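Data block below; observations after.
The values are calculated or read from the model by the stated rules, or taken from the named source; none is laboratory data. These numbers were taken from a predicted model, which means no experiment stands behind them. Positions of Cβ are generated from backbone atoms using ideal geometry, with glycine treated the same way; all protein chains shown enter the neighbour counts.
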Amino acid sequence: MPTKAKTKTKAAAKTEALGQYTRFDWSMKRLLRNKADYVVLDGFLTALLGEEIKITALLESEGNKETADSRSNRVDLLAQDSNKRKIIIEIQNNRELDYFQRMLFGTAKVVTDFIEKGQEYGKIGRIFSVNIVYFKLGAGDDYVYRGRTEFRGIHTNDLLALSEEQLKRFIACKEVSEIFPEYYVLRVGFFDKPPANPLDEWLYFLKNDEIPKKFKAPGLKEARERLRVDRLTPAERRAYLNHLDATRHESTIDESIWVEATVTKAVEVTRKMLAKGATHEFISEVTNLSLASIQRISQTPPDKKPQ
């Protein structure tokens, strides 16, 4: 029978394997839903949006589910700040080719869900869509992108602005773009440099589930206290372990599907280029396939899969 000392050592090892802090996606659903803990979300959004944010409420939406079963979830969290602006926060671990459309659907649904029947369109509040993705979304070199809606003259390239009457009517908006949803995409996997500002410190935490003592970004001090693995109850620990297992499993399946689709496309392109008379060397340069792979494809009938 194991001694107490050995039992403690095993427990400590298990905690260390889990990491010091819980993942942010799980924390949003399970640990940050009390008003006293909004300060963590406040800090994250303040670092991202460059203005002080105070969350006053978490709003119900079909994405606020506690099960981890859900590629169909619209959002992970829908909040409202002190200015009654809606803020969508979604964390996505799985690749989705139509993720941009998913972002659009999320903001459109929030607009329709939270405008009352007969309410003037001018009463629609601002919406921010914050998307934390752990896969390669789109093509680009940055790790944080911001999307706004602007209208420019096709002949003059001038920016369409609000009229004096509209400025008086929409007191909270100074520009046309502020009426439309504003999108943020944080591509966590692309963050690979020493943190240089509060947002970088948050990106470091999102990527590594670690918060170095020197980090001073708003909300991270509170995250150190509230998101510690060793503070979890036995039930929370079991739920967290299940979440980690589910996330790893889905990521593995997703990666397999992605690789299979990529290989299938490369084979298809190779066969088309072979039919056009392209050299194996040129095809290798275009597709990144080895010459041996291209040779096998050239010798395999179209209705069979190259080995």
- Query: Going by the conditions given, is Asp230 acidic (Asp, Glu) and under 16 Å from Ile132 (Cβ atoms)?
  - Reply: no
- Going through region 228-253 in order, the residues found to be modelled with pLDDT of 70 or more and among the polar types (S, T, N, Q) are Thr233, Asn242
- Considering only helices (runs of 4 or more DSSP H) wholly within region 160-237, the ones with at least 1 residues that are under 29 Å from Arg102 (Cβ atoms) and free of Cβ contacts under 8 Å to residues at least 60 places away in the same chain are 198-208
- Query: In region 133-142, what count of residues is obtained for those that are assigned to a loop (DSSP other than H, G, I, E, B) and either within 11 Å of the chain's Cα centre (by Cα) or outside the structural domain of Asn93 (by TED's automatic domain parsing) (or both)?
  - Reply: 4
- Task: Go through (1) modelled with pLDDT of 85 or more; (2) exposed (fewer than 11 other Cβ atoms within 10 Å of the Cβ); (3) outside any helix (DSSP H, G or I) one by one and return the number of the condition Ala278 breaks.
- Result: (2)
- Message: For region 95-109, check the following and say yes or no: at least one residue is over 30 Å from Asp209 (Cα atoms) and either within 23 Å of the chain's Cα centre (by Cα) or assigned to a strand (DSSP E or B) (or both).
- Response: yes
- Message: Every residue in region 148-197 that is aromatic (Phe, Trp, Tyr) and within 21 Å of Gln80 (Cβ to Cβ), please.
- Response: Phe170, Phe180, Tyr183, Tyr184
- Task: Considering each residue of region 43-65, count those that are under 19 Å from Tyr204 (Cβ atoms) and either assigned to a helix (DSSP H, G or I) or modelled with pLDDT under 90 (or both), and give that number.
- Result: 7
- Give just the number: which of (1) of a type in the set (Val, Ile, Thr); (2) exposed (fewer than 13 other Cβ atoms within 10 Å of the Cβ); (3) at pLDDT below 90 does Ile154 not satisfy? (3)
- Selection count, region 17-32, where residues are more than 13 Å from Ile89 (Cα to Cα) and touching a residue at least 24 places away in the same chain (Cβ under 8 Å): 8
- Query: Any chance region 174-186 includes a residue that's over 18 Å from Gly50 (Cβ atoms), in the same structural domain as Phe24 (by TED's automatic domain parsing), touching a strand residue (DSSP E or B) at 6+ places or on another chain (Cβ under 9 Å) and of a type in the set (Phe, Trp, Tyr)?
  - Reply: yes
- Would you check which residues across region 1-35 are out of contact with any helix residue (DSSP H, G or I) (no Cβ under 9 Å at 6 or more places or on another chain), in a helix (DSSP H, G or I) and modelled with pLDDT of 80 or more and list them? Lys35
